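Peer 1: Take this structure first; my questions come after.
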């Protein structure tokens, strides 16, 4: 019951407050980022500067960070619990809150919509650059809107469903261990010269950690499409057809669902760090994408988040 109550409180706090800027320096993901940089520097200095050495160094980090995160969080909750259950519960609520990104994902995406409709393309490019990894300087208005919709879809899995999934299983420590895996992948899981070998273990671990949550997220988005007046039938059809059209086994799951629900064509070729990646298109090119599609995607994200919470609560009660 403690895990369920902490998850419910954390969910409510995230919806109400998001991630306040005042707490950013001590946010677990920020601390994880600093730890990753230090681990990378230290491990690269210890292991041989070769392909095998880089693979080994990256594998060590891929084990140390999530296991260390889980261990430290579990120990902290246990020690506080020895003093009193109240501060231990409060800390777990805070960590559950910080593991989720429901409100921030919506707010950042809606900032892109607002910039497109009110401020102009340069400001919209700046806004979307905050939430995507691709190069944004040359994006037109449709490209900016497409990037924002794709980010809402992909981060619905990474930022909402996956942490909530692990939270319902093992509380805040397991949710933050997942965030450690996901943060590693976002920082070192690139197939470029620097991280091709060092980041391989982190990328593979992230694929494994997201395998079930990504598919669960896609199914929840299909249900959310029906609840929000979007096309649930096409969401299911495009998901079944296009969910494997990505180098990652997980990334296209929610993007395909979102493309079908909104009647759009998403993904396609994009530049990352100045290099063109020829990604296949997902969805049908039924109509041009517009700024208001971002709002529709965010509505599906919120509906899917509540459905996930209801499902998680039902599973926890069934486990009892």
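Peer 1: Would you kindly calculate the mean projected area, averaged across all directions, of the convex hull enclosing the Cα atoms of region 67-223, in square nanometres?
Peer 2: Mean projected area of the Cα convex hull: 11.2 nm².
Peer 1: Convex hull over the alpha-carbon atoms of the chain: what's its volume per residue in Å³?
Peer 2: 136
Peer 1: Given the convex hull of the Cα atoms of region 108-160, what is a quarter of its surface area in nm²?
Peer 2: Answer in nm², one decimal: 3.1.
Peer 1: Could you state the number of Å between the C-alpha centres of region 19-93 and region 125-161?
Peer 2: 27
Peer 1: While we're on this one: If you rank 110, 258, 319 by fewest surrounding Cβ atoms within 10 Å, what's the result?
Peer 2: Starting with the residue having the fewest Cβ neighbours, the order is 319, 110, 258.
Peer 1: Write down Rg/Rh for region 173-299, rounded to two decimals, with Rg from the C-alpha atoms and Rh from the Kirkwood relation over Cα pairs.
Peer 2: A ratio of 1.01.
Peer 1: Moving on. May I ask you to sort 105, 23, 221, 65 by Cβ crowding, counting other Cβ atoms within 10 Å and putting the fewest first?
Peer 2: 23, 65, 105, 221
Peer 1: Please arrange 317, 89 by how many other C-beta atoms lie within 10 Å of their C-beta, fewest to most.
Peer 2: Result, fewest neighbours first: 317, 89.
Peer 1: I've got another one for you. Can you compute the helix-only [θ] at 222 nm over the chain? Use -39500 (n - 2.57) per DSSP H run of at least 4 residues, normalise by all residues, nearest 500 deg cm²/dmol.
Peer 2: That calculation yields -24000 deg cm²/dmol at 222 nm.
Taken together, the values in this text are just the output of simple stated rules run on the coordinates, not laboratory data. Because the structure is a prediction, the values reported are computed rather than measured. Cβ coordinates were reconstructed from backbone atoms using ideal geometry, including for glycine residues, and neighbour counts include every protein chain displayed.
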